[in-house]
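The values are calculated or read from the model by the stated rules, or taken from the named source; none is laboratory data. All values derive from a computational prediction rather than experimental measurement. Neighbour counts are summed over all protein chains in view; Cβ atoms, including those assigned to glycine, are modelled from backbone coordinates with ideal geometry. Surface areas here come from the heavy atoms of the whole protein model, side chains and all, with no ligands, DNA or RNA. Shrake-Rupley method; radii C 1.70, N 1.55, O 1.52, S 1.80 Å.
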Amino acid sequence: DISDNVNVLVYTGGTKIWKNSIISSSNNQIYQIKDGKLRKLADDNGSQPMTDPNTLIRFVEYCKKNFPANRYQLIFWDHGGGSVTGYGYDELNANAGAMSLSKIKSAIAATDIKYDFIGFDACLMASYETAATLAGYTRYMVASEEMEPGNGWNYDAWIEALGDNPAMGGARLGEVICDSYLAGCREEDTEE
């Protein structure tokens with residue numbers, strides 16, 4: 001149950017098989033989460049590598065054009081290798097490699113947005129180098145310096161909290177994300 005004042009948009013791609021019958025594994029797609037369902041908004045350029053900075057730029061530009069907002073948050077969800085290998089892995093375009101921190105920076109700079117927070121639901125991304133890469137483009141960073149268990153962030157909890165209070169600042173939202181992540185890990189018995 002997401003407030004009408006909050007839009008949650010998801011860009012999908014880069015996997016051979018999804019564990020549902022909704023998302024395509026042959027096309028990158030843009031979805032909106034609305035009324036508890038995924039609503040497909042667009043197919044995007046076949047199956048361009050998810051780790052290509054231009055893919056990220058196209059997605060953000062689509063969001064800006066079709067869902068203008070007072071505040072933006074950006075979350076990277078997948079595998080992380082920190083400052084050494086960067087972010088992401090695309091099963092369909094494995095040769096594309098990960099998105100390095102310099103590529104992340106160039107894509108984020110090209111979007112011309114000052115984000116409320118940029119998050120990484122990915123392992124090993126909370127480093128000084130990642131924070132320095134994002135400096136000037138976001139007020140807050142939410143990330144883990146450790147390995148994350150497969151259950152990852154508890155999206156239901158923090159998106160509901162944001163829906164209840166769309167004016168919630170990035171610092172408080174970061175706390176909610178971290179607290180609900182820990183609670184989800186305890187619930188799934190993946191707390192370390």
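When Ala98, Ala110, Ala135 are screened for being open to solvent by 20 Å² or more (accessible area, probe 1.4 Å) and without any contact (Cβ under 8 Å) to a residue 40 or more places away in the chain, only Ala135 passes.
For region 58-82, a tally of residues being surrounded by fewer than 16 Cβ atoms within 10 Å (Cβ to Cβ) and in a helix (DSSP H, G or I) returns 4. Can Asp43 be described as out of contact with any Leu (no Cβ under 7 Å at 6 or more places or on another chain), at positive phi and surrounded by fewer than 17 Cβ atoms within 10 Å (Cβ to Cβ)? No; evaluated as a whole, the condition is false for this residue. Across region 71-115, the qualifying residues are those that are under 20 Å from Asn28 (Cβ atoms) and charged (D, E, K, R), and the one among them that is farthest from the chain's Cα centre (by Cα) is Glu91. In region 155-190, of all residues being among the acidic types (Asp, Glu) and assigned to a helix (DSSP H, G or I), the one that is most open to solvent (accessible area, probe 1.4 Å) corresponds to Glu187.
If only residues of region 7-27 that are touching a Phe, Trp or Tyr at 6+ places or on another chain (Cβ under 7 Å) and part of a loop (DSSP other than H, G, I, E, B) are counted, the one that is least open to solvent (accessible area, probe 1.4 Å) is Ser25. Are any of the residues in region 146-154 open to solvent by 20 Å² or more (accessible area, probe 1.4 Å) and either in contact with a Gly (Cβ under 7 Å, 6 or more places away or on another chain) or without any contact (Cβ under 8 Å) to a residue 12 or more places away in the chain (or both)? Yes - at least one qualifying residue is present in region 146-154. Within region 115-132, being open to solvent by less than 20 Å² (accessible area, probe 1.4 Å), among the aliphatic types (A, V, I, L, M) and touching a Ser or Thr at 6+ places or on another chain (Cβ under 7 Å) holds for Ile118, Met125. Among residues that are modelled with pLDDT of 95 or more, β-branched (Val, Ile, Thr) and either farther than 23 Å from Gly163 by Cβ or touching a helix residue (DSSP H, G or I) at 6+ places or on another chain (Cβ under 6 Å) (or both), Ile75 is not included.
For beta carbons closer than 6 Å, sequence separation of 6+ or different chains, a first residue in region 31-48 that is closer than 14 Å to Phe59 by Cβ and of a type in the set (S, T, N, Q) and a second that is modelled with pLDDT of 90 or more and part of a strand (DSSP E or B), the qualifying pairs are Gln32/Leu9; Gln32/Arg39; Gln32/Leu41.
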